[in-house]
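Notes for the one structure printed next.
The values are calculated or read from the model by the stated rules, or taken from the named source; none is laboratory data. Predicted model, so just to flag it, every value in this text is computed and none were measured. Here Cβ is always computed from backbone atoms with ideal geometry, including for glycine, and neighbour counts include all displayed protein chains.
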Amino acid sequence: MSGDIDDKPQPLIEHLIELRQRLLWAVGAFFVAFLVCFYFAKQLFNLLVLPFKWSVEWAGLTHRNVELIYTAPQEFFFTQIKVAMFGALVIAFPVIAQQVYKFVAPGLYKNERAAFLPFLIASPILFLIGAGLVYFFFTPMVMWFFLAMEQGGGEGQVSIQLLPKVSEYLSLIMSLIFAFGLVFQLPVVSSLLVRAGFITSQTLKEKRKYAIVIAFVVAAVLTPPDPVSQIGLALPAILLYEISIYTARLIERQRASVSNAQDAENEVAATQGEAD
């Protein structure tokens, strides 16, 4: 098994030097992406506001302009910094993940590297799927829910309109994106745990009822205090848990087939040895 490892014995200082080099590449990629995103911060923020515009159309309020406000002089500036950091993290993630993999891969066996690499590719894809679900569906739906609470005014009523602050709107959509993105990592995490032997598909199946409760609790913590977004996060989490059970079964079947093939080869080799 040791011949399958590409790593060679090195002093601790050399590992630390390599770690510093990998960190410099990762931080450099993030910094360059941050500068680019900060230059286009207003355009990026306008893209993030599109779900709010769609919710206004869903609510039938096409006559009103979509307006956001900031109540502190520095608020929109720091909001642009947050937008730039958010965009830089998304853009630089492939480079960061590549540097992490290059640092860890030499210490892994070839079969471990072959098993780990697909998850490294699947993780950002699943995160983008969750973020896309938030951007195109859940954020417009949540904002439509809040817009429905407006009051038009008139005799005996005051006019009440939703005018979100730029920082609060950004915090809302970013928290939703991160919440859904993390929840969509459930199949990846569970598959890695199954491959490592920490859990089995039977364990996941037996803990299903607890997973459902935890899904609603996590949704209540990570999302705004409205039933639409909470149910909208809990239901995909439960569906992903069922997918995790299915992928765990596939991994166990694959492991069993490989084990049976190895046993058969060992029996053939033993038979040939006895014949000789």
Fill in: Qualifying positions in region 8-31 - in a helix (DSSP H, G or I) and either without any contact (Cβ under 8 Å) to a residue 60 or more places away in the chain or surrounded by fewer than 12 Cβ atoms within 10 Å (Cβ to Cβ) (or both)
LEU12, ILE13, GLU14, HIS15, LEU16, ILE17, ARG20, GLN21, LEU24, VAL27, GLY28, PHE31
Worksheet item: Just a yes or no: is a residue in region 74-88 more than 24 Å from the chain's Cα centre (by Cα) and assigned to a loop (DSSP other than H, G, I, E, B)?
Response: yes
Response to the item:
Among the residues of region 212-269, the number that are buried (at least 17 other Cβ atoms within 10 Å of the Cβ), among the small types (Gly, Ala, Ser) and under 30 Å from SER171 (Cβ atoms) is 7
Worksheet item: Restricting the search to region 54-73, which residues are modelled with pLDDT under 85, outside any loop (DSSP other than H, G, I, E, B) and within 17 Å of VAL166 (Cα to Cα)?
Response: none
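Within region 156-226, considering only helices (runs of 4 or more DSSP H) that don't extend past its boundaries, which have at least 2 residues that are in contact (Cβ under 8 Å) with a residue 24 or more places away in the chain and among the hydrophobic types (A, V, I, L, M, F, W, C)? Write out each step before concluding.
On the way: elements: 166-183, 186-196, 201-206, 208-222.
In region 156-226, the matching helices (runs of 4 or more DSSP H) lie at 166-183, 186-196, 208-222.
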Item to complete: Determine the pairs where a residue that is surrounded by 14 or more Cβ atoms within 10 Å (Cβ to Cβ), located within region 58-83, has a partner that is part of a loop (DSSP other than H, G, I, E, B) with Cβ atoms under 6 Å apart, the partner being 6 or more residues away or on another chain.
Response: LEU68/PRO164; PHE76/TYR70
Item to complete: Go through the residues of region 137-146 one by one and say whether even a single one is in a helix (DSSP H, G or I), at pLDDT 90 or above and under 22 Å from LEU61 (Cα atoms).
Response: no
Worksheet entry | Condition check for LEU50: closer than 23 Å to MET143 by Cβ and modelled with pLDDT of 90 or more | yes
Discussion item. Return the residues of region 161-173 that are among the aliphatic types (A, V, I, L, M) and surrounded by fewer than 16 Cβ atoms within 10 Å (Cβ to Cβ); say none if nothing qualifies.
Written reply: LEU163
